[in-house]
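Below: the structure, in structure tokens.
The values are calculated or read from the model by the stated rules, or taken from the named source; none is laboratory data. Note that the structure is predicted; figures quoted are calculated from it, not measured. Here the Cβ positions follow ideal geometry from the backbone for every residue, glycine too, while neighbour counts run over all protein chains shown.
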Amino acid sequence: MAKKTPHPTPEAVAGRPRIRITDTTLRDAHQSLWATRMRMEDILPVIDTIDRAGYYSLECWGGATFDVCLRFLRENPWERLRQIKARCKTPLQMLLRGQNILGYHNYPDDVLYRFVELAAANGIAIFRIFDALNDTRNLEQAIRAVKATGAHAQGTISYTFSPVHTVEAYVRLAREMEQLGADSICIKDMAGILTPAAAEELTAALVKGVGIPIQLHAHMTSGMAVASCLSGVRHGAGAIDCAVASMSGCSSQPAVETMHAVLTAAGYDTGLDMQAVRAVNQHFRRLKPRREPHLGPPEFVDVNVLEHHIPGGMISNLRSQLQQQGALDRLDEVLEELPRVRADMGYPPLVTPTSQIIGIQSVLNVLNGERYGMVPQETRDYVQGLYGRPPAPVDPKIARKILKGAKPVTCRPADLLKPGLPEAAAQLDPKLIQAEEDILSYCMFPEVALGYFKWRALPEAERPLPPAELEQQAAAAPAAAPEAPATPPMDYETMRYLDIGRTLSRLFQQMGCATILAEKQDEMQSGTDAAPAAPAAPAPAAPAAPAPAEPAEPQGETIKAPLNGTFYRAPGPGKPNFAEPGSNCKEGDAVCVVEAMKLFNEIKAPRDCKIVKFLVEHGAVVSKDQPLAVIE
């Protein structure tokens with residue numbers, strides 16, 4: 001019996017092979033160009049026209065869209081999916097991060113399975129499933145969960161090149177995914193580094209090596225994607241990804257209009273209604289000035305990506321954050337350090353979350369002046385094997401320095417996790433839950449979802465403006481205040497405190513990290529060891545945007561901030577303070593937290609001591625080496 005799949009083999013149309021087009025405008029395109037800030041009000045007026053265009057599928061969910069809907073837009077991502085599905089006959093597609101679902105670490109199997117079930121029930125027909133390390137142990141349960149719903153499971157190759165990434169290795173990976181039940185294979189060139197020659201060789205090998213269709217997803221970052229897509233099609237790829245012209249190029253995908261013309265001239269048929277495509281393009285062209293981040297025009301072609309392999313959008317984020325720290329002149333150093341860190345870590349493809357881990361570590365190595373002198377918990381988890389099996393072994397010397405005797409994990413990382421749904425349901429106030437989907441949102445993004453639920457529960461007239469609207473207002477304000485830099489296109493945690501972005505925390509809010517282990521000259525400045533793959537618990541926010549704290553005149557021995565960041569006395573909302581004035585602390589006890597780059601850095605007592613007083617207020621922005629507390 002033929003395998004049931006919405007991804008058929010090419011059919012002849014007027015003697016021309018049909019090439020299927022997946023439109024990424026509603027997901028990856030605006031994630032790449034608009035910092036994922038597309039609203040439902042942007043989508044609904046044009047969704048009927050998009051549906052008429054004749055796409056094979058419409059990628060409209062997953063990736064960063066879920067997080068950003070809750071965190072910045074104050075929209076329910078599940079409701080977004082339902083509204084699109086209600087108006088669309090075109091199959092809807094999402095990007096699923098394997099065992100990471102839509103987050104930045106592994107989640108338990110019960111959360112994964114229920115998420116997939118609800119996503120399919122709400123309208124997703126095609127799940128594009130990838131793992132940042134191409135570790136099929138992190139893909140197997142996601143593929144099985146999708147197959148159990150009857151939806152289409154598209155196994156994905158996270159493409160990169162290195163001494164250990166070969167065509168033969170990619171074919172073995174594709175065969176493993178096919179054996180797990182994948183209905184098709186996608187070559188995901190997230191950094192735009194797939195050359196036309198490589199597309200030819202890899203596509204041809206995959207077509208020969210597996211018995212399921214091949215799709216090609218490439219970014220225009222280096223300018224090669226149009227040629228690479230055509231090369232892939234000529235050697236057997238039956239589908240490619242595109243976005244309408246106004247949402248294409250730079251770090252996005254090739255333009256639908258361009259690829260339609262190229263494929264038509266090459267003897268293929270796309271089956272698209274180009275009048276509808278043009279109307280959609282004009283709609284988003286009109287929106288572009290309001291939605292595109294105000295950071296100046298991006299480089300249309302960045303050939304440097306062929307060296308550092310950084311996927312779309314990440315360089316602009318790094319540039320913005322370094323500029324805010326007065327360290328923009330060190331960007332070249334960071335970009336030089338990235339390939340070295342990637343090699344140290346076993347050549348992982350740079351895609352969420354490994355792109356964040358490698359990027360974070362590269363920044364810290366440069367700014368700290370010592371390689372691996374500061375090590376985020378996520379780097380240590382990666383080295384220990386909690387994200388999966390790297391393509392090549394981690395450099396043994398680096399591994400010893402980071403792990404300090406901790407044993408590597410050799411099993412499937414998710415096997416170490418206990419079920420997550422019962423605990424999440426017990427933690428949530430039933431008054432805040434409107435549907436089971438809310439529990440899944442909370443499982444993946446506890447603090448972000450909770451903030452959204454509380455915002456949603458307010459009378460409409462009392463709801464604060466969504467952070468995305470505050471961003472827009474700040475960007476449109478007169479440039480009279482030099483201390484207010486342009487809002488970066490990234491996922492920093494904010495509702496009422498935009499100036500947190502003046503600190504390094506904004507960089508790591510994009511990157512989704514939790515705690516930092518900093519060891520410098522035998523002085524421990526560290527977060528406690530988190531449970532494997534446990535979600536980060538963001539520290540509480542001050543009720544309004546705090547101004548940078550004026551350093552108090554220290555009297556006696558002090559504990560100082562290790563980084564620029566935001567000072568908190570408690571580990572999370574509703575939790576007791578770490579320490580009070582007058583309390584006694586033992587060496588290594590947590591005294592306070594400095595949030596820097598979304599790393600909630602527990603500041604520890606350097607010795608047995610007594611807290612005399614704190615020198616800054618809870619929620620205040622502090623600078624590196626600023627005294628935080630007096631001890632004796």
Within segment 104-122, can you find the residues that are part of a loop (DSSP other than H, G, I, E, B) and closer than 23 Å to Glu423 by Cβ?
Tyr104, His105, Asn106, Tyr107, Pro108
Could you figure out which of (1) buried (at least 22 other Cβ atoms within 10 Å of the Cβ); (2) at pLDDT 95 or above; (3) outside any helix (DSSP H, G or I) isn't true of Ala125?
(1)
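Among the listed residues Gly296, Gly312, which satisfies the condition of being more than 17 Å from Ala218 (Cβ to Cβ), in a loop (DSSP other than H, G, I, E, B) and modelled with pLDDT under 75?
Exactly one residue qualifies, and that residue is Gly296.
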Can we say Asp189 is of a type in the set (D, E, K, R) and touching a residue at least 60 places away in the same chain (Cβ under 8 Å)?
no
Out of curiosity, is Glu437 touching a Leu at 6+ places or on another chain (Cβ under 7 Å), among the charged types (D, E, K, R) and either farther than 22 Å from Ala119 by Cα or in contact (Cβ under 8 Å) with a residue 12 or more places away in the chain (or both)?
yes
Taking segment 573-623 as the search range and keeping residues that are assigned to a strand (DSSP E or B) and of a type in the set (Lys, Arg), which one is modelled with the lowest pLDDT?
Lys604
Has segment 243-262 got any residue that is in a strand (DSSP E or B), modelled with pLDDT of 95 or more and within 21 Å of Ile187 (Cα to Cα)?
yes
Quick one: what pairs do we get from segment 149-168, first residue more than 30 Å from Gly123 (Cβ to Cβ), second assigned to a strand (DSSP E or B), C-beta under 9 Å, 6+ apart or different chains?
Thr160/Asp189
Can you list the helices (runs of 4 or more DSSP H) lying wholly within segment 370-463 that have 1 or more residues being among the β-branched types (Val, Ile, Thr) and within 28 Å of Ser158 (Cβ to Cβ)?
377-384, 396-403, 446-457
Flagged in segment 157-174 as buried (at least 17 other Cβ atoms within 10 Å of the Cβ) and not aliphatic (A, V, I, L, M), in numbering order, are Ser158, Tyr159, Thr160, His165, Tyr170
Name, by its number, the condition in (1) more than 22 Å from Asn601 (Cβ to Cβ); (2) assigned to a helix (DSSP H, G or I) that does not hold for Leu367.
(1)
Residue under question is Leu95, and the condition is that it be at negative phi and either in a strand (DSSP E or B) or free of Cβ contacts under 8 Å to residues at least 12 places away in the same chain (or both); does it hold?
yes
Residue ID - surrounded by the fewest Cβ atoms within 10 Å (Cβ to Cβ), chosen from residues in segment 375-405 that are acidic (Asp, Glu) and in contact (Cβ under 8 Å) with a residue 60 or more places away in the chain
Asp381
Within segment 406-442, residues being in contact with an Asp or Glu (Cβ under 8 Å, 6 or more places away or on another chain) and exposed (fewer than 13 other Cβ atoms within 10 Å of the Cβ) number 1
In segment 63-79, anything crowded, with 24+ Cβ neighbours inside 10 Å and basic (Lys, Arg) is listed as Arg71
